[in-house]
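Engineer: Pasting a structure here, questions to come.
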């Protein structure tokens, strides 16, 4: 199952419009980009998009599908204020995917800084810019992650 997140990053030494692509040994991909000045990021901030492909059992994949469907169908008409809590296996896999994506992105930032000789902040990841997503169908859509894991 593919997982994707877009992070806001700081002090990476890229010039406006410059991009850095990184392919990990286990198939992870990272694309770090410093947008042009007219886009809405702080002076030296970049965006980092990371994708990881995790092997998940068919049973847990079915739980992801069910949790995503329940979340998408939630409308609060029964008086509840939040969608149903996903199964524990979905929460664990979601958290593991987010941890892996953050680690891969941090490593890519270290490689980038080393290659261009740029010192930077000890923690290059500022925040999650877009909701983390999982790709259930193989299509190009990225529904938000069903795992009870929040942005932060």
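Engineer: Can you tell me how much longer the chain between residue 72 and residue 57 gets when fully stretched, taken as 0.36 nm per residue apart minus their C-alpha distance, in nm with one decimal? All intermediate terms of the calculation are to be shown ahead of the outcome.
Structural biologist: Numbers: separation 15, 0.36 × 15 = 5.40 nm, distance 2.25 nm.
Separation in residues times 0.36 nm, less the Cα-Cα distance, equals 3.1 nm.
Engineer: Let me ask something else. How would you rank 51, 118, going from fewest to most other Cβ atoms within 10 Å of each one's own Cβ? Can you show the working numbers first?
Structural biologist: Working: 51 19, 118 12.
The order, fewest Cβ neighbours first, is 118, 51.
Engineer: OK, next. Give the order of 78, 45, 26 when sorted by the count of other beta carbons within 10 angstrom, beginning with the fewest. Don't skip to the end; give the middle numbers.
Structural biologist: Working: 78 6, 45 19, 26 10.
By the 10 Å Cβ count, ascending, the order reads 78, 26, 45.
Engineer: Mean separation of Cα pairs under 8 Å and 6+ residues apart, divided by the residue count of segment 42-108: what relative contact order is that in percent? Spell out each step's value before the answer.
Structural biologist: On the way: 28 pairs, mean separation 28.3, N = 67.
Once divided by the residue count of segment 42-108, the mean separation gives 42 percent.
Engineer: Pulled fully out, how much extra length does the chain show between residue 36 and residue 95, if you take 0.36 nm times their separation in residues and subtract their Cα-Cα distance?
Structural biologist: Details: separation 59, 0.36 × 59 = 21.24 nm, distance 3.24 nm.
Extra length from residue 36 to residue 95 when fully extended: 18.0 nm.
Engineer: Fewest Cβ neighbours within 10 Å first, please rank 107, 10 accordingly.
Structural biologist: Working: 107 14, 10 18.
Sorted ascending by nearby Cβ count, the order is 107, 10.
Bear in mind that the values in this text are calculations on the coordinates, not laboratory data. Note that this is a predicted model, so its numbers are computed, not measured. Glycine gets a Cβ as well: all are built from the backbone with ideal geometry, and neighbour counts include every protein chain shown.
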